[in-house]
1. Can you compute the charge dipole magnitude of chain A about its Cα centre, using +1 on each Lys and Arg Cβ and -1 on each Asp and Glu Cβ, nothing else charged? Give it in debye, rounded to the nearest 20.
2. Which order, highest average first, do A:328-337, A:341-350 follow once you tally other Cβ atoms within 10 Å for each residue and take the mean per peptide?
3. Which of rounded, prolate, oblate describes segment A:141-265, given a ≥ b ≥ c as roots of the alpha-carbon gyration tensor eigenvalues and a/c under 1.5 marking rounded, otherwise prolate only if a/b is larger than b/c?
4. For A:Lys508, give me every one of the aspartates and glutamates with a C-alpha distance below 16 angstrom, ignoring sequence neighbours fewer than eight places off in its own chain.
5. For segment A:129-145, take each phi angle, set θ = phi - 60°, evaluate the Karplus expression 6.51 cos²θ - 1.76 cosθ + 1.60, and give the result in whole Hz per residue in order, putting x for glycine and proline.
6. Just to confirm, what accessible area per residue do you get for chain A at 1.4 Å probe, in whole Å²?
7. At a 10 angstrom cut-off on C-beta neighbours, averaged per residue, how do the peptides A:57-68, A:189-200 rank from highest to lowest?
8. Please report the relative contact order for chain A, taking Cα pairs under 8 Å with a sequence separation of at least 6, and give it as a percent rounded to a whole number.
Amino acid sequence: MIRNDIAEVVRQGIAAAQESGSLPAFEIPTVEIGRPKDPKHGDYAASIAMQLAKPARMAPLAIAQAITAHLPAHPALGEAQVLPPGFINFRLSDAWLAGQVAEIEASGGQYGDIDLGRGRTCQVEFISANPTGQLHMGSARNAVLGDSLGNLLAAAGWQVQREYYVNDAGTQTRTFAETVLLRYKQALGLDAPLDKQHYQGADVIDLAREIVAEYGDRFLHMPEEEAITELREIGLAKVLAGIRQTVERLRIHFDCWYSEASLYEPGGRFEHVLNHLRNINMTTHRDGAEWLLTSEMGSDRDEVIVRSTGQPGYYASDIAYHYDKFVLRGFDRVIDVWAVDHQNQARRMPYLMKALGLDPQRLDILLYDIVRLYRDGQEVKLSKRSGNVITIDEVVDEVGVDAVRFLLLTRSNQAVMDFDLNLAVAQKDENRAFYVQYAHARMASILRKAAERGFPAARWAGGNPDLLRHPAELTLLRKMADLSEVIERAVLDLAPHNLAFYAQDLAKLFHAFYRDCRVLPGREDDGAAEDAAAPETEVTAELSAARLRLVAATKSVFARVLGLLGVNAPESM
RNA sequence: GCCCCCAUAGCGCAGCGGAUAGCGCGUCUGACUUCGGAUCAGAAGGUCGCAGGUUCGAAUCCUGCUGGGGGUACCA
């Protein structure tokens with residue numbers, strides 16, 4: 001990453017200045033390189049001179065000048081500029097920027113990739129919604145965040161595994177199974193009213209009808225408990241199949257669907273972990289329950305691991321599941337994607353990790369805020385149990401996968417997201433995804449047109465990128481050179497939205513290039529105005545070839561960025 | 001009560017302790033005989049919730065306050 005190069009150049013400059021006596025001796029702090037907002041200030045800036053004023057006991061401006069006089073040369077950089085109150089500004093050289101065209105071509109579609117992960121494994125666990133109903137819009141944000149984060153981690157050198165944790169244990173599935181049985185009876189014409197706690201949604205009615213069609217009335221002729229047990233399996237499997245379809249529609253692929261219930265099988269992971277914790281004296285008995293001694297790990301309280309009823313406590317699954325992830329499966333790192341209503345649970349996870357003898361740093365929780373749905377200005381409250389649900393499928397039917405994915409990535413994780421289901425409003429926002437895709441389609445169109453006019457890739461592939469010196473060309477190249485920094489930011493902050501905003505910026509710069517720089521030779525030049533500020537109307541064959549290479553390179557960067565977002569990069573629209 | 005998050009242009013939102021705080025929508029004015037007008041250019045629009053503090057420098061960090069959202073069980 002060029003920014004790291006610059007930091008090193010500055011560090012060497014300081015050291016050299018110290019050696020020559022221009023700067024006094026002091027320990028050189030980490031050199032931070034920033035990005036000036038004003039292009040007049042160059043591409044990168046070091047503010048180190050201001051920070052050194054105190055240790056060096058010199059005026060910042062004098063320090064900056066001393067450093068600058070001793071900077072080693074770097075092929076990507078022009079001459080550094082010192083500006084008050086003490087900034088050292090760097091500008092990327094035009095030649096280096098033009099050289100990025102070849103870099104992009106040579107990257108094999110991986111331009112911007114970095115190596116933070118260094119091949120280590122990282123599991124991203126996301127969605128993990130209860131399999132007691134279709135995926136609704138509340139899970140959509142989770143789905144898109146987790147998947148895009150997975151893409152970004154892979155681009156950052158991590159070996160990524162995507163996992164869906166199927167919550168098929170506990171009271172929710174029991175309630176669900178009871179609901180299935182009641183609806184099943186109703187489907188067979190019996191009077192079987194639902195209680196308040198049961199799932200009121202119509203999807204269970206359909207489910208029950210399916211079961212009647214497949215299995216007939218056999219569940220009426222067995223003890224109720226037995227029927228519930230069987231219907232639980234059948235119902236969960238059917239719901240899960242539907243969830244898998246929705247997930248596929250969102251273009252998400254899970255490497256593993258992990259069953260919570262499997263933790264509790266006899267001799268399973270839960271027993272294993274519980275025994276382990278007992279052996280290391282991390283549990284104690286109190287008030288008839290068995291507690292995990294997280295207070296000894298710095299928590300303000302212990303957590304129940306086995307309730308006085310003998311049932312596993314709330315955190316039992318988390319304990320066994322994360323033990324499985326880190327110890328048994330050996331992931332170097334795990335990221336759980338959770339909605340903000342799990343914040344308390346998230347805060348307790350580090351203590352669970354410590355109790356398990358694991359480094360809490362290996363676990364990150366990506367907490368994101370809720371999606372609030374509106375229709376005609378009124379908030380629509382979602383609740384699976386009340387049956388008031390807006391499914392992902394419904395919304396995808398209306399606005400499409402690309403718009404849904406893109407839109408959900410245009411907010412920072414902590415921001416509450418208002419999603420208006422009114423089609424007119426949705427289309428306005430949907431436009432943001434189209435805007436970026438349009439840029440890609442336009443590039444594809446230019447390349448097609450070039451071939452149609454007898455200028456196929458074979459004829460421009462040898463074009464000379466050094467001819468790219470127009471400000472619009474260089475600005476576009478500058479932005480593309482930023483990609484690795486954007487990926488780094490997104491990965492370090494677990495914040496994929498950075499990439500969505502980057503995509504829009506890049507699209508804007510491409511459109512500006514398109515406006516200012518003619519790529520293909522005009523059909524004919526009938527002597528248009530020679531206003532220097534006006535867009536070019538004529539272009540030489542050599543320049544055209546260079547620009548076609550730039551367009552093709554830009555197109556591949558767009559495809560990369562859209563791919564990381566999980567959005568299609570269309571050849572035409 | 002205690003804890004977490006949020007507050008930036010009319011609306012929706014970006015903004016990594018740096019230089020003149022940005023983007024989209026909306027509003028107003030412009031741009032198609034030539035590569036896709038689903039586009040582009042320009043204009044108007046701001047006490048960055050309030051008050052202190054730290055710093056050479058604060059929308060950004062700290063404290064307090066106001067307003068909004070969420071969390072605080074042997075439940076999931």
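The values are calculated or read from the model by the stated rules, or taken from the named source; none is laboratory data. These numbers were taken from a predicted model, which means no experiment stands behind them. Note: ideal-geometry Cβ built from the backbone for every residue, glycine included; neighbour counts use all protein chains shown. For the accessible areas, the whole protein counts, side chains as well, though only heavy atoms, and no ligand, DNA or RNA atoms are used. Shrake-Rupley method; radii C 1.70, N 1.55, O 1.52, S 1.80 Å.
1. Details: 61 positive and 78 negative charges, 154 e Å.
In debye, rounded to 20, chain A gives about 740.
2. Working: A:328-337: 18.8, A:341-350: 14.4.
Descending packing order for the listed peptides: A:328-337, A:341-350.
3. Values: a/c = 2.83, a/b = 2.33, b/c = 1.21.
Verdict is prolate for segment A:141-265.
4. Those aspartates and glutamates meeting the cut-off are A:Glu473, A:Asp482, A:Asp516.
5. Per-residue couplings from phi come out as 6, 3, x, 10, x, 5, 5, 10, 4, x, 8, 5, 5, 4, 4, 6, 4 Hz.
6. Heavy-atom accessible area per residue stands at 46 Å².
7. Numbers: A:57-68: 20.1, A:189-200: 12.6.
Averaged packing, sorted descending, gives the order A:57-68, A:189-200.
8. Details: 901 pairs, mean separation 84.6, N = 573.
Averaging sequence separation for qualifying contacts and normalising by length gives 15 percent for chain A.
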